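Below: the structure, in structure tokens.
Just so you know, all these numbers are worked out from the coordinates, no wet-lab data involved. Keep in mind it's a predicted model, so treat the numbers as computed, not measured. Neighbour counts run over all protein chains shown; Cβ positions are idealised from the backbone, glycine included.
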Amino acid sequence: MIDVKTITSLQAETVKQWHEEEIDNRYDGFLNLVCRQHQQNFRLWHEEDIARSTDVTDAELAEVKRRIDKLNQRRNDLIEQLDDALIDQLRQNNVEPLPSARLNTETPGSAIDRLSILSLRIHHMQEQANREDAEPAHRRKATDKLEVLYQQLEDLSGSLAELLADVFAGRRLLKVYRQMKMYNDPTMNPYLYSAKIRPAA
């Protein structure tokens with residue numbers, strides 16, 4: 001079964017590493033998939049920072065928005081792939097859900113995604129708590145928020161560990177709910193497909 005501590009350690013370590021070195025993926029198997037999904041959140045975080053900058057042109061902002069859309073699509077695709085991979089593991093281990101097994105409101109892939117985002121929040125909040133150029137009140141505020149984030153990390157990682165234990169014991173069902181995002185699909189987004197038939201101005 002997947003060790004949640006290994007996942008959260010991977011996420012925290014790579015966030016620090018990727019701020020100092022090139023983004024890479026040194027993992028195998030399921031953790032390789034976890035790292036790939038985490039990379040999308042890392043890139044998204046920094047694109048969102050750029051999108052909120054006041055010194056970029058409208059053209060640059062439009063390009064950032066397009067990159068954000070693509071990254072978010074990949075992020076959601078990889079959440080589904082995480083759940084697909086877990087279902088494959090269940091099949092390989094001949095795990096059958098018990099008659100009393102019930103669905104959870106969140107899949108393990110979605111929880112891993114949330115842990116990924118939490119690792120980014122913690123890293124950047126720690127930066128704020130350590131800022132030597134900031135006022136003491138700012139650093140205290142960041143430190144107080146860090147305590148909340150670490151509590152959320154403990155709660156969510158514990159909940160994920162329990163969910164995985166239940167899934168692999170057959171006590172919980174695991175299904176993949178496809179996001180089926182429509183806005184990036186030129187055949188599904190009305191604005192995109194109608195643009196082909198709209199008369200030129």
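Data overview
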quantity	calculated
Nearby aspartates and glutamates by direct alpha-carbon distance to K145 (threshold 14 angstrom, same-chain neighbours under 8 apart not counted)	E127
Taking R172, R139, R102 and counting other C-beta atoms within 10 Å, the order from fewest to most	R102, R139, R172
Taking Y193, Y27 and counting other C-beta atoms within 10 Å, the order from fewest to most	Y193, Y27
Most fluctuating residue given options Q39, Q92, Q11, as computed from a GNM of the chain linking Cα atoms under 10 Å	Q92
Karplus-derived HN-Hα couplings along region 6-17 (A = 6.51, B = -1.76, C = 1.60, θ = phi - 60°), whole Hz, x at Gly and Pro	5, 5, 5, 5, 4, 5, 5, 5, 6, 4, 5, 4
Under-5 Å amide H pairs with L173, H placed in peptide plane, nonlocal only	R102, L103, N104
